[in-house]
Every structure is written in C-alpha cells, then in structure tokens.
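Taken together, the values in this text are just the output of simple stated rules run on the coordinates, not laboratory data. It should be emphasised that the depicted structure is a prediction, and the values quoted were computed from it without experimental measurement. We place every Cβ from the backbone using ideal geometry, glycine too, and count neighbours over all the protein chains shown.
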Amino acid sequence: MIVYYYENNNKSIRGTAKIFDIQPKQLRDWKNKKGTLLTTAPHMAKLHQGKPTRYPKLEDDLFAWISEKRANGNAVIQKLIINKAISLSKSPESLANNPDIIGFKFSNRWLDGFLGRYDLSERRREATDGFKQLPSDLIEKQNIFLNYIMYLRIHNKYELKYMGNMDEISM
C-alpha cells in the first residue's frame, strides 16, 4: 500500500508520488481516506458506487424474471428486457409505490446501467453449447458417404493430395 510506504519511510508526498509514478493529489486523497480504504472489501473497484437506482423493487423483480428465463434455457434479448420492465412498471403495486414511474423511459442507457448493476451480459448461445443427438443410422450414413467419395475419386481420377477434410461451425 502506497500510503503505508509514505508513512513508514519519512518521504514527502511528492517524493513518494514520484517513486510510484502517481500524482501527489492522489496520494493526499488516499491518505485522507485511509480509514475508509482499509475497511473496504478488497474486490471493490470504487468507494462510491454511483447514484442509487430509482426503482430497486422493479429491478429486483426484473432480475428474478431474467434469472428464471435463463435457467429454463430461454434467450433473453435487450428488447425483451425493456418490454418486461415496462410491463412491470405498469403493475398496480409498482404504480402505488412509485407514482412517478409513469413518465420513466426505459432507455438503452438505463438498460446498460441495469445490466452492469446486476452483473448481467447479453450473451449468445454458442454453436458448441448445445448437444445434438446423433442419428440412429450414423454408421450407415458414414459408409454411404465414404463409398460416394471413393466412387468420385476413382471415376474422376483425383489424387489423394488434392483431397482434404474441413470442419466448420457458424460464428
């Protein structure tokens, strides 16, 4: 910790800041907030998390809905999240608790903040995520395909050096 180094080595603020390549004001701020910094959890990136959400109950309900959908394997896209937020805001309970919610715009900026607050991302299912059932006649189909390739090779007199195998997945 830079503040600890500053206090134990009798260095000036400018000298310590120069050693650690930081601004002197930054070290002064850390020195003044030392108590808060020591009691803060190590994973916290910021001391002040920003402006609190205006409708925490609505966001909690929306997060529960998204979690349920994802647990069932359903895709949840941004437009669907915004539409669900609008429908939740029109519920009688929400209107009773937050009368000013009628004029609230659930914009893309609000959505980005919501996703960040709940550590969500709009992820897409990868092509390799889903397990596809192999056909029951797989061996038969493989043999038919190999026989067809061998027929083409012999009929058209292809050399083996001109043949290759490629596998693709959509990206």
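Odds and ends about this structure:
- Helix 78-89 vs. the chain, principal-axis angle (Cα, 0 to 90°, nearest 10): 50 degrees
- Spacing of the two label points (7 Å from each Cα toward its C-beta) at F20 and K161, in nm: 6.5 nm
- Cross-link reach list, lysines versus K90, counting only Cα pairs under 21 Å and skipping chain neighbours closer than eight places: K57, K69, K79, K105
- Debye equation applied to the C-alpha atoms of the stretch 61-114, log10 I(q)/I(0) at 0.17, 0.20 Å⁻¹: -0.57, -0.75
- Note on I102/T53: beta-carbon distance plugged into 1/(1 + (r/R0)^6) with R0 of 25 Å gives a FRET efficiency of 0.90.
- Taking GluC sites (Glu not before Pro) in DSSP loop states with no more than 11 other Cβ atoms inside 10 Å as exposed sites, the chain has its longest site-free stretch at 1-121.
- The angle separating the long axis of helix 56-71 from the principal Cα axis of greatest extent in the chain is about 20 degrees.
- Here K33 is the anchor, and the lysines within straight C-alpha reach of less than 22 Å, apart from those fewer than 8 places off in the same chain, are K11, K18, K25, K46, K51.
- Longest site-free stretch - the chain; sites: chymotrypsin sites (Phe, Trp or Tyr not before Pro), DSSP loop, at most 16 other Cβ within 10 Å: 1-103
- Secondary-structure-derived ellipticity at 222 nm for the chain, considering helices only, amounts to -16000 deg cm²/dmol, per-run term -39500 (n - 2.57) for DSSP H runs with n ≥ 4.
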